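The values are calculated or read from the model by the stated rules, or taken from the named source; none is laboratory data. Computed from a predicted structure; not experimentally measured. Cβ atoms come from the backbone with ideal geometry, glycine included; neighbour counts cover every protein chain shown. To get the accessible areas, we keep the full protein, side chains included, count just its heavy atoms, and leave off ligands, DNA and RNA. Shrake-Rupley method; radii C 1.70, N 1.55, O 1.52, S 1.80 Å.
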Amino acid sequence: MRSRVKKGLLISALLLAGLGAAGCGREGEGLSAAGQGETSAAGRLITVGFSQLGSESDWRIANSESFVNTFTRENGYDLLLENAQQKQENQLKAIRKFVLQDVDYIVVAPIVESGWDSALQEAKNAGIPVILADRMVDADESLYTCYVGGNFVKEGEEAGRWLENYLKEQGRSEETINIVTLQGTPGASAAIGRTEGFANILEEHDNWNMLDMRNGEFTQAKGEEEMEDLLAAYEDIDVVVCQNDNMAFGAVDAIHAAGKTCGPKGDIVIISFDAVKAAFDYMIEGTIHVDFECNPLHGPRVAEIIQELEAGKTVDKIQYVDETYFDYTMDLEKLKEGRTY
Ligand code: AHR
């Protein structure tokens with residue numbers, strides 16, 4: 001399973017890295033489908049500069065593909081995609097470049113929450129609306145038009161509630177429960193929110209011990225490395241909270257390599273976030289207990305926002321996406337069938 005996930009991720013990452021490289025300046029037109037595009041009501045293509053933060057996970061690949069597939073010339077757009085390769089400085093440069101190119105809209109998936117004020121101010125001064133997709137910024141709300149993405153605090157709280165119920169069902173409510181967390185990129189909304197949400201439920205339980213929290217960078221390799229280390233440091237880990245699927249895949253590998261078991265028939269409870277298609281295979285084989293969905297298909301949502309703005313409408317400042325969860329008690333084969341990412 002491990003090699004299948006890694007191979008799929010690698011192919012898509014190479015594909016999107018290539019697309020990102022092609023997405024510099026007007027060369028970005030190479031991203032759009034070939035052929036004559038339909039034009040907007042104003043009689044021209046709408047130019048969208050998208051600063052994507054990287055290609056670290058299955059989720060991120062699906063997110064990038066969603067933009068590329070939505071913002072086509074046929075749909076009336078000229079997409080300029082810049083992949084920042086996990087560096088905020090590249091995202092800041094991309095925003096400034098989009099301003100110089102005088103794009104119609106800027107979309108940013110911000111790697112971390114802080115440090116955006118001056119770049120966003122420059123976009124505002126140029127009169128270019130900025131849409132935040134996936135992650136939030138810690139900046140004055142007048143500097144961006146709106147946010148569309150997951151409610152990460154809610155995701156973390158729901159994960160905590162799920163664990164509470166699971167332990168109750170297992171007759172383990174009073175047991176000491178040792179927990180470790182593989183966190184995502186420090187300072188990223190998804191890491192901050194999921195940590196805060198889970199902590200809100202943890203503080204209601206004196207018998208839950210958060211032994212350690214490690215930065216797994218939202219990647220499979222770092223997740224595996226940190227999990228190896230945690231298993232060496234702590235003898236009795238009951239629960240691993242993995243803040244995305246790729247870190248969970250790495251954690252499962254590390255647990256097996258250490259001669260331990262996880263999942264509903266094993267010893268360690270694995271909680272994950274994202275619910276990408278590959279994670280369903282892990283739940284079906286019984287190595288991940290539960291997965292809290294984070295929907296990456298933001299392309300159509302952002303397009304809808306742009307169309308509303310084009311029509312002169314105002315849009316809601318914060319637009320959370322509906323999300324659910326999947327666990328080992330459900331008909332996972334059936335639920336997996338409908339998933340596109
Ligand atoms: O911001 C969303 C998170 O970023 C997803 O959970 C993760 O997989 C991605 O890298």
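Some notes on this structure:
- Candidates are the residues of the range 104-122 that are away from the ligand (no atom under 16 Å from the Cβ) and not in a strand (DSSP E or B); the one that is surrounded by the most Cβ atoms within 10 Å (Cβ to Cβ) is Ala119.
- Residue within the range 194-207 that is of a type in the set (Lys, Arg) and either free of Cβ contacts under 8 Å to residues at least 24 places away in the same chain or open to solvent by 20 Å² or more (accessible area, probe 1.4 Å) (or both) present: no
- Residue list for the range 162-193, restricted to those being away from the ligand (no atom under 16 Å from the Cβ), over 15 Å from Asn209 (Cα atoms) and surrounded by 16 or more Cβ atoms within 10 Å (Cβ to Cβ): Trp162, Tyr166
- Spans of helices (runs of 4 or more DSSP H) in the range 240-341 with at least 2 residues in the same structural domain as Asp212 (by TED's automatic domain parsing) and buried (at least 20 other Cβ atoms within 10 Å of the Cβ): 245-257, 277-285
- The range 133-146: number of residues that are surrounded by fewer than 22 Cβ atoms within 10 Å (Cβ to Cβ), closer than 21 Å to Glu304 by Cα and within 16 Å of the ligand (Cβ to nearest atom): 1
- Gln52 under 25 Å from Ala139 (Cα atoms) and within 14 Å of the ligand (Cβ to nearest atom): yes
- Which listed residue, of Ile128, Ile95, Ile179, Ile106, is among the aliphatic types (A, V, I, L, M) and in the same structural domain as Val269 (by TED's automatic domain parsing): Ile179
- Index of the failed condition, Asn246 passing every other in (1) out of contact with any helix residue (DSSP H, G or I) (no Cβ under 6 Å at 6 or more places or on another chain); (2) farther than 18 Å from Val269 by Cβ; (3) within 16 Å of the ligand (Cβ to nearest atom): (1)
- Test for Leu81: is it buried (at least 20 other Cβ atoms within 10 Å of the Cβ) and part of a strand (DSSP E or B): yes
- Residues in the range 55-77 that are part of a loop (DSSP other than H, G, I, E, B) and either open to solvent by less than 10 Å² (accessible area, probe 1.4 Å) or within 13 Å of the ligand (Cβ to nearest atom) (or both): Ser55, Glu56, Ser57, Phe71, Gly76.
- Residue within the range 90-103 that is within 20 Å of the chain's Cα centre (by Cα) and in a strand (DSSP E or B) present: no
- Condition broken by Gly312, with the remaining ones in (1) in contact (Cβ under 8 Å) with a residue 24 or more places away in the chain; (2) at positive phi; (3) not hydrophobic (A, V, I, L, M, F, W, C) satisfied: (1)
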